[in-house]
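See below for the structure under consideration.
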Amino acid sequence: MTKIAVLIPCYNEEKAIYKVVKDFKSQLPEADIYVYDNNSRDNTTEEAKRAGAIVKFEPRQGKGHVVRQMFSNIEADVYLMVDGDGTYDHSRARELVNALLEHQLDMVIGTRVEKTETAHRTGHKLGN
């Protein structure tokens, strides 16, 4: 059986993380859902646990540290990384995983579609 890990780096995402975890669990029920909290000062950890995620911590501030730690710690055949803010379309998760496996690809990249003007912080739209 293929081991799938959904990796969610988080910093202060208490308002969205519960729904993000539940949404990805609904599409990939066999996956392990990992939330890596990067020193949140809100209830991100509690909301992630309440949704059924496996919560880990990365004390070194910054997404780069979190991403390196996630890929270093988690063993899986397939990794799906999303943000904890709910801006990734969970309904396409199965499609992406299937494409990766069926075509024996190394990587599949989904694009984040902006649904509102406030979906990205200033400067992030250009980076995405």
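Each reported figure results from applying straightforward, stated rules to the coordinates on display, with no laboratory input. Remember, it's a predicted structure, so these values are computed and weren't measured experimentally. Here Cβ is always computed from backbone atoms with ideal geometry, including for glycine, and neighbour counts include all displayed protein chains.
Criterion first (out of contact with any Pro (no Cβ under 9 Å at 6 or more places or on another chain), surrounded by 14 or more Cβ atoms within 10 Å (Cβ to Cβ) and closer than 17 Å to Val78 by Cβ) does Lys25 satisfy it? Here the answer is yes, as Lys25 does meet what is asked.
For residues that are more than 15 Å from Val82 (Cβ to Cβ) and without any contact (Cβ under 8 Å) to a residue 40 or more places away in the chain, scanning just the range 1-36, find the one that is farthest from the chain's Cα centre (by Cα).
So in the range 1-36, the residues more than 15 Å from Val82 (Cβ to Cβ) come out as 1-3, 12, 14-15, 29-30.
Add one more test, that the residue is without any contact (Cβ under 8 Å) to a residue 40 or more places away in the chain, and what stays is 1, 12, 14-15, 29-30.
On the way: Met1: 22, Asn12: 14, Glu14: 14, Lys15: 15, Pro29: 15, Glu30: 15 Å.
Per the stated criteria, the residue is Met1.
Please go through the range 41-60 and give me each residue that is under 14 Å from Asp83 (Cα atoms) and either surrounded by fewer than 22 Cβ atoms within 10 Å (Cβ to Cβ) or of a type in the set (Val, Ile, Thr) (or both), ordered by number. Selection gives Thr44 alone. Every listed requirement among (1) closer than 20 Å to Leu96 by Cβ; (2) β-branched (Val, Ile, Thr); (3) buried (at least 20 other Cβ atoms within 10 Å of the Cβ) is met by Ile17 save one, (1). Taking first residues from the range 92-105 that are of a type in the set (Lys, Arg) and partners that are part of a helix (DSSP H, G or I), the Cβ contacts under 8 Å between residues at least 6 apart in sequence or on separate chains come to Arg94/Gln27. What do you reckon, is Ile109 under 12 Å from Tyr34 (Cβ atoms) and among the β-branched types (Val, Ile, Thr)? When the stated conditions are applied, Ile109 does not pass them.
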